[in-house]
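Only one structure is covered here, and it is reproduced in the block below.
The values are calculated or read from the model by the stated rules, or taken from the named source; none is laboratory data. Note that the structure is predicted; figures quoted are calculated from it, not measured. As a convention, Cβ positions derive from the backbone with ideal geometry for all residues, glycine included, and neighbour counts pool all protein chains shown.
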Amino acid sequence: MSIPLSPSFLFVIAVVVALAGAVNGIAGFGFAVVATMTLATVIDPATAVVFVIAPIVAVNLSLAAELSTADLRSCGRRFAPLLVATTIGTVLGMTVIDRLPDAPLRLVLGVVTLAFVATSQRLVPIPDRSTVVNSSVTDGPGAMAAVGVVSGLLFGATNVGVQVVAYVRRFDLSHGLFVGVIAIVFLGVNSVRVAAAGVLGLYPNWTVAAVSVAAALPAVVGVAVGSRLRSRTSERVRRGVVLWLLFGVGVRLVLGGVGAV
């Protein structure tokens, strides 16, 4: 499926990716899920997944640039198993994108989005599984590889990478370093995805590919705005903005998946 090229629709795309970029700049994550889920309400979900890949690369490149050279080397070595495994899982997940039917995919995307909101909110306490499982086991290279492959499969097919975000949060990094690690992982993964999407023929046509690349500009502008706001907003506000936005998008996708809208 292609996308309309009317000025009004292109403006909608620019606003969506800019808003998603601002969310990512503030919270350190969220661009892929916000942009994909929002676009999936107005275009074919599989097209939305592929369309967002190029802007994801641009967004995470700008965020990774915030890390020092020493931090880049340290984080690269520490999280290499996660990066490699996630990349492998993602490419495998991409092979099923064009085989997923529209309505069920909308429903799955909506349910996954709402599940992320439910597990991330703090109004209703959820038991911390990290107190039950030994961190030396769950934080080792083997665990990183397992988390990476499973998360990559879902990310490759849906652009939902919240499992990686949740896993990296376990390491109790400073917010700035957390943002950088997430950026490194998704930068590496999505750089491979751009090539894989072309090889697998996932772009419906060259128009979609060209508009996708062009959408990187408003996405990066959004990140720049969000990064400036990051130091001026509390963690509670950052979390609230992201979760309420995702809640609305998730509900819209679920309703679309069951044919209610």
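Things to note:
Here is a yes/no grid of residues against (1) hydrophobic (A, V, I, L, M, F, W, C); (2) at negative phi; (3) in a helix (DSSP H, G or I); (4) in contact with a Phe, Trp or Tyr (Cβ under 9 Å, 6 or more places away or on another chain):
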{"site": "Gly176", "(1), (2), (3), (4)": "no, yes, yes, no"}
{"site": "Tyr203", "(1), (2), (3), (4)": "no, yes, no, yes"}
{"site": "Val208", "(1), (2), (3), (4)": "yes, yes, yes, yes"}
{"site": "Leu217", "(1), (2), (3), (4)": "yes, yes, yes, no"}
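- Whichever residue in region 230-245 is in contact with a Lys or Arg (Cβ under 9 Å, 6 or more places away or on another chain) and touching a residue at least 12 places away in the same chain (Cβ under 8 Å) and, among such residues, is nearest to Leu114 (Cα to Cα): Arg239
Okay, residues lined up against (1) in a loop (DSSP other than H, G, I, E, B); (2) at pLDDT 70 or above; (3) not basic (Lys, Arg):
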| residue | (1), (2), (3) |
| --- | --- |
| Ile126 | yes, no, yes |
| Ser130 | no, no, yes |
| Val137 | no, no, yes |
| Gly142 | no, yes, yes |
| Ser151 | no, yes, yes |
| Leu154 | no, yes, yes |
| Val164 | no, yes, yes |
| Val168 | no, yes, yes |
| Asp172 | yes, yes, yes |
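- Scanning region 164-197 for residues that are over 14 Å from Phe79 (Cβ atoms) and either in contact with a Gly (Cβ under 6 Å, 6 or more places away or on another chain) or of a type in the set (A, V, I, L, M, F, W, C) (or both) gives Ala166, Val192, Val194, Ala195, Ala196, Ala197.
- When each of Ala18, Ala103, Ala32, Ala22 is tested for being in a helix (DSSP H, G or I), within 19 Å of the chain's Cα centre (by Cα) and surrounded by fewer than 24 Cβ atoms within 10 Å (Cβ to Cβ), the lone residue that passes is Ala18.
- Residue within region 209-218 that is over 21 Å from Thr113 (Cβ atoms), among the polar types (S, T, N, Q) and out of contact with any Ser or Thr (no Cβ under 6 Å at 6 or more places or on another chain) present: yes
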